[in-house]
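The values are calculated or read from the model by the stated rules, or taken from the named source; none is laboratory data. As the structure is a computational prediction, the values presented were derived from the model and not from experiment. Using ideal geometry, Cβ is built from the backbone for each residue, glycine included, and neighbour counts are taken over all protein chains shown.
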Amino acid sequence: MTVLTWQKQSNIENSIKKFIDAQISSESLQLLNQSGVATDVTCVIGQRVNKNWNLPIIQVYSDSKTTERLEIGSNNRLDDYLVIVECRTLLSGQERNLAEWVENAINDGMTYYEYSVTVGDPDNPTETDSGHIRIDFVSSNPVSLGDDIDLFDKYRYRTTIRCSLT
């Protein structure tokens, strides 16, 4: 029997989250809320919005992958992974500032970790340093859906990155 554990896309998401979390912590990064009180920024993995999140938040999720042949006649592949990083904030303009902070933070790439879980203990994965994630920016745009929308979508900025493993 084979227990399928985290594959490259999940490893990339978790490696990026680990890196962003470390950057947030090292800078004690906060943004102001509507009352002018400094609020911690958090990072989550996953495409679906969770209404229990506390804004501001950085959301990371894998979108797709391309697998080009490394060379003609070879079955070796060069995998690139498209990852979305969305910044959701409480006040107008903060989403752009937070996105720029994220882009500057991840520009040089980060350590790629392979995660594995033990049967019976899925909440405590082990991590192994397995290389480097190289980042190429594909797009960086505000998501404008109008003013009469949910707060989770009102001040949102999306950065699309291509990740390669080295």
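Where residues in region 8-60 are without any contact (Cβ under 8 Å) to a residue 24 or more places away in the chain and of a type in the set (Ser, Thr, Tyr), which of them is surrounded by the most Cβ atoms within 10 Å (Cβ to Cβ)?
42
For region 130-150, what are the residues that are among the charged types (D, E, K, R) and either closer than 21 Å to residue 90 by Cα or at pLDDT below 95 (or both)?
147, 148, 150, listed by residue number.
Report whether or not residue 30 is in contact with a helix residue (DSSP H, G or I) (Cβ under 7 Å, 6 or more places away or on another chain) and more than 18 Å from residue 152 (Cβ to Cβ). Give the steps one after another, and end with the answer.
Details: in contact with a helix residue (DSSP H, G or I) (Cβ under 7 Å, 6 or more places away or on another chain): no; more than 18 Å from residue 152 (Cβ to Cβ): yes.
For residue 30, the condition - in contact with a helix residue (DSSP H, G or I) (Cβ under 7 Å, 6 or more places away or on another chain) and more than 18 Å from residue 152 (Cβ to Cβ) - is not met.
Name every residue in region 29-79 that is charged (D, E, K, R) and in a strand (DSSP E or B), in order of residue number. Lay out the reasoning, then the answer.
So in region 29-79, the residues charged (D, E, K, R) come out as 40, 48, 51, 63, 65, 68-69, 71, 77, 79.
Listed by number, the residues that qualify are 40, 63, 65, 68, 69, 77, 79.
Before we move on, is residue 102 buried (at least 20 other Cβ atoms within 10 Å of the Cβ), of a type in the set (A, V, I, L, M), outside any helix (DSSP H, G or I) and out of contact with any helix residue (DSSP H, G or I) (no Cβ under 6 Å at 6 or more places or on another chain)?
No; evaluated as a whole, the condition is false for this residue.
Taking residue 82 as the residue in question, decide whether it is in a loop (DSSP other than H, G, I, E, B), touching a residue at least 60 places away in the same chain (Cβ under 8 Å), under 23 Å from residue 97 (Cα atoms) and aliphatic (A, V, I, L, M).
no
Restrict the check to region 120-128 and report whether at least one residue is more than 19 Å from residue 31 (Cβ to Cβ), modelled with pLDDT under 95, assigned to a loop (DSSP other than H, G, I, E, B) and not charged (D, E, K, R).
Yes: region 120-128 contains one or more residues that are more than 19 Å from residue 31 (Cβ to Cβ), modelled with pLDDT under 95, assigned to a loop (DSSP other than H, G, I, E, B) and not charged (D, E, K, R).
Spot the failing condition for residue 114; the list is (1) charged (D, E, K, R); (2) crowded, with 18+ Cβ neighbours inside 10 Å; (3) closer than 18 Å to residue 24 by Cβ, and only one is missed.
(3)
Answer yes or no: is there a residue in region 138-145 that is touching a residue at least 24 places away in the same chain (Cβ under 8 Å) and closer than 17 Å to residue 16 by Cβ. Please lay out each step first, then the result.
Of region 138-145, the ones touching a residue at least 24 places away in the same chain (Cβ under 8 Å) are 138, 140, 142-143.
Restricting the remaining residues to those that are closer than 17 Å to residue 16 by Cβ gives 138, 140.
Yes, that holds for at least one residue.
Tally the residues that are in contact with a strand residue (DSSP E or B) (Cβ under 6 Å, 6 or more places away or on another chain) and more than 15 Å from residue 165 (Cα to Cα), restricting the search to region 116-131.
5
Kindly list the number of the only condition in (1) assigned to a strand (DSSP E or B); (2) at pLDDT below 95 that fails for residue 153.
(1) is the only condition that residue 153 fails.
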